[in-house]
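Have a look at the structure below before the remarks.
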Amino acid sequence: MRLFKRLIFGLFVTLLTLSWPTRCFAGPPTGGYVNENTATTTHFEIHWEGSNTSTHYATNNWINNVRAYLDNAWNFQTPIWQAPPDPDGVIRVDVWNKEVEAYGETKLDILSGNLEIELDNDYAGTIVSGEEGLKMTTAHEFFHCVQLNWVDGATWGNSTYNWFTEGSADWMADQMYTQKQQVYQKL
């Protein structure tokens, strides 16, 4: 029943986004990062703004949480499903101050096959805010990376599949953080 509700919610989100005149997700920060920092894990390369004078600034504590939650998502999801089809095996993650109510986005470069995830730098002003917003968004966005095993990259983002991809990614976030096997761990 929970999966059915999530799929219906995904369909609703898809219909809503088709009616928006512009998408709520932009690219990386306009003008790029002023003081770009990079951190890596086995499967992720994380980029963020290191200057606290920038509106895109992310604290080291926030980035440590990003690393932990992405690794949790990898460790929880890849034994059940397949690892994401990224040619170099490392997914780029950009953390910056996204628009209000924008949680994240997963992008696929059709030519290179590389994956990119965008996350917010604090989730202030969102319905699920702060660290809880980060936790749910990393699980959701990483599952989009896994889904690319099932959908041809050329059709990724096609509204025909959007209701399913969004609904099942919400379901996966629920599986990770509301089940008995709580994988919520901090480094």
Practice item. Only residues that are in contact (Cβ under 8 Å) with a residue 12 or more places away in the chain and more than 13 Å from Ile117 (Cβ to Cβ): list them for the stretch 54-70, please. Key: Ser54, Thr55, His56, Tyr57, Ala58, Trp62, Ile63, Asn64, Asn65, Ala68
Exercise for review: Give Thr40, Thr55 a once-over and let me know the one that is modelled with pLDDT under 85 and of a type in the set (Ser, Thr, Tyr).
Suggested key: Thr55
Practice item. Give the residue that is farthest from Ala139 (Cα to Cα), with candidates limited to residues of the stretch 54-80 that are buried (at least 20 other Cβ atoms within 10 Å of the Cβ) and in contact with a Leu (Cβ under 7 Å, 6 or more places away or on another chain). Key: Val66
**Study point:** Which listed residue, of Leu119, Leu134, is closer than 22 Å to Tyr33 by Cβ, among the aliphatic types (A, V, I, L, M) and in a helix (DSSP H, G or I)
**Key:** Leu134
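The values are calculated or read from the model by the stated rules, or taken from the named source; none is laboratory data. This one's a predicted model, so the numbers in the text were calculated from it and none came from an experiment. With ideal geometry, Cβ positions are generated from the backbone for all residues, glycine too; neighbour counts draw on all protein chains shown.
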